[in-house]
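Reading through the structure tokens given below for one structure.
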Amino acid sequence: MIKMMESQSILETIVGLPSTLLRLPSATLAALQAIDDISDRLDRLMPLLERIDGGMNTAGTGFDLAALGISTAASGFEQAVGALNASMPLFTESASVMRAVTERVGTIAFELVTELPKATQSLQDVSPELAAVVGLLEEVVGNIPGMRRVVNVASTHP
């Protein structure tokens, strides 16, 4: 029984061989055309891959430059923070000196404001010619923002 199946299979193969042989040239031609088509497609694909490679290289260079820029910026920021940390004692000293100077200037301004009305009144009493000078002094004091109010308060409280 096995021999019979084998013989039928071989028989079928032998019977189908002429038609297979007739189809072989067309199948071979189709395979060759497919290979030729693949070659053409690969030829068109290569420039695209080269452009992609160039773009990737450019992007890599851009990333490198960006990383260098970020690193430089971070280094500069660290230097700025270090400089600020080093100068903080100087700022503190400067602020205390400025405060002391401001307090002294305020004291002198207050003394000037309290004594100026007395001096101008004395000058007016001494000579009428000095009344013009007193008027000029009052104008000068009046042009300083807020001083007119201080002069009025100081002159009412001797």
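The values are calculated or read from the model by the stated rules, or taken from the named source; none is laboratory data. Nothing here was measured: the structure is a model prediction, and the numbers come from that model. No Cβ is skipped: glycine too gets one built from the backbone with ideal geometry, and neighbour counts run over all protein chains shown.
When the criteria are applied in full, E50 fails the requirement of being modelled with pLDDT under 85, surrounded by 10 or more Cβ atoms within 10 Å (Cβ to Cβ) and acidic (D, E). One residue is enough: does the stretch 103-115 have a residue meeting the conditions modelled with pLDDT of 75 or more and either exposed (fewer than 10 other Cβ atoms within 10 Å of the Cβ) or among the basic types (K, R) (or both)? Checked the stretch 103-115: at least one residue is modelled with pLDDT of 75 or more and either exposed (fewer than 10 other Cβ atoms within 10 Å of the Cβ) or among the basic types (K, R) (or both). Which of the residues spanning the stretch 73-118 are in contact (Cβ under 8 Å) with a residue 40 or more places away in the chain and touching a helix residue (DSSP H, G or I) at 6+ places or on another chain (Cβ under 6 Å)? Matches in the stretch 73-118: V113, T114. A count restricted to the stretch 76-99 and to residues that are among the polar types (S, T, N, Q), within 27 Å of the chain's Cα centre (by Cα) and surrounded by 10 or more Cβ atoms within 10 Å (Cβ to Cβ) stands at 2.
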